[in-house]
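Engineer: Below is a structure I'd like to ask you about.
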Amino acid sequence: MVALFSKSIFVLIIKVFGALFSFGIAAYVTRTLNTEGAGKYFYAVSIVIFIATLSRMGTDNAIIKVSTLLNNKKEYERLND
């Protein structure tokens, strides 16, 4: 239980750091570029995020499902495949 809690805290810290880093980049871009340049940058970021979301196509849910099935069958060695 302690290991799960420590891993959860680690994930939370990484997510908070990522959000702060994104905010810092956005602040830097808006201060250094003009309005048109910042708009192009944020438009490009939006397109990349949209394409990345589409490219996942549910693989995260499939990974969770398969790993749960393997865990229930106690086939731990196949989890690394």
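Engineer: Would you mind stating whether residue 20 is open to solvent by less than 80 Å² (accessible area, probe 1.4 Å) and without any contact (Cβ under 8 Å) to a residue 12 or more places away in the chain?
Structural biologist: no
Engineer: Which residues, taken from the range 41-63, are among the β-branched types (Val, Ile, Thr) and more than 14 Å from the chain's Cα centre (by Cα)? Give the steps one after another, and end with the answer.
Structural biologist: Pass one, the range 41-63, residues among the β-branched types (Val, Ile, Thr): 45, 47-49, 51, 53, 59, 63.
Residues satisfying the conditions are 45, 47, 63.
Engineer: Let me ask you something else. Would you call residue 75 among the acidic types (Asp, Glu) and surrounded by 10 or more Cβ atoms within 10 Å (Cβ to Cβ)? Quick ask: steps written out before the conclusion?
Structural biologist: Details: among the acidic types (Asp, Glu): yes; surrounded by 10 or more Cβ atoms within 10 Å (Cβ to Cβ): yes.
It is true that residue 75 is among the acidic types (Asp, Glu) and surrounded by 10 or more Cβ atoms within 10 Å (Cβ to Cβ).
Engineer: Now for a separate question. With respect to the numbered conditions (1) under 16 Å from residue 22 (Cβ atoms); (2) surrounded by 10 or more Cβ atoms within 10 Å (Cβ to Cβ); (3) under 18 Å from the mean Cα position of the chain (by Cα); (4) not charged (D, E, K, R), which one is the sole condition not fulfilled by residue 38?
Structural biologist: (3)
The values are calculated or read from the model by the stated rules, or taken from the named source; none is laboratory data. Since this is a predicted model, take the numbers as computed values, not measurements. A quick note on method: Cβ atoms are made from the backbone with ideal geometry, for glycine too, and the neighbour counts reach across all protein chains shown. What goes into the accessible areas is simple: the full protein's heavy atoms, side chains included, and nothing from ligands, DNA or RNA. Shrake-Rupley method; radii C 1.70, N 1.55, O 1.52, S 1.80 Å.
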